[in-house]
Amino acid sequence: MTSALLIDKHVEFIKAQDKNQDEMEFWLTQHLRTSGVYWGLVGLELMNREDALDRDQVVEYILECQNPDGGYRMMPPDSCERSICGASWPGGSAPSRLAL
C-alpha cells in the first residue's frame, strides 16, 4: 500500500465530473454544479494543477450563473426551469413550500 497522494488520479476524477452527461446522477446533481466547480478548483489549486480545467469554459459557466443584480445562481437560468433556484413558476412565484 502506498502512502503517496495519487495526484493524477485525483485530477482525472475532478475533470470527469462534467463528462457523465448520459447518467441520471449528472442531471439529479445539477444544482450542486457551481459548488462543485468551486471545490474542484480549490482541490486542483492545492495539488498545483490549476491548469487542468479549461479556464475559459469555467469562467463562461460561472458568468452564465450570474444574476443581473450581481449575485449567482446555483446553476444557469436555462437549467433552472421549474426548480427551486428562482426560475419562473406558474402564477409568478415559487410554491409556498419552497419559500424561505
Filtering the stretch 21-69 down to residues that are out of contact with any Pro (no Cβ under 9 Å at 6 or more places or on another chain), on the phi < 0 side of the Ramachandran plot and not in a helix (DSSP H, G or I) yields GLN21, ASP22, GLU23, THR29, MET47, ARG49, LEU53, ASP54, GLN66, PRO68, ASP69
Of the residues that make up the stretch 9-23, is at least one within 13 Å of the chain's Cα centre (by Cα), among the aromatic types (Phe, Trp, Tyr) and either farther than 14 Å from MET75 by Cβ or surrounded by 11 or more Cβ atoms within 10 Å (Cβ to Cβ) (or both)?
no
Would a scan of the stretch 70-79 turn up a residue that is outside any loop (DSSP other than H, G, I, E, B), within 14 Å of the chain's Cα centre (by Cα), among the basic types (Lys, Arg) and surrounded by 13 or more Cβ atoms within 10 Å (Cβ to Cβ)?
no
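Test of understanding: among GLU45, GLU50, which residue is charged (D, E, K, R), loosely packed, with under 14 Cβ neighbours inside 10 Å and modelled with pLDDT of 95 or more?
GLU45
The values are calculated or read from the model by the stated rules, or taken from the named source; none is laboratory data. What you see is a predicted model, and the numbers here were worked out from it, not measured in a lab. Heads up, the Cβs are rebuilt from the backbone with ideal geometry, glycines too, and the neighbour counts pull from every protein chain shown.
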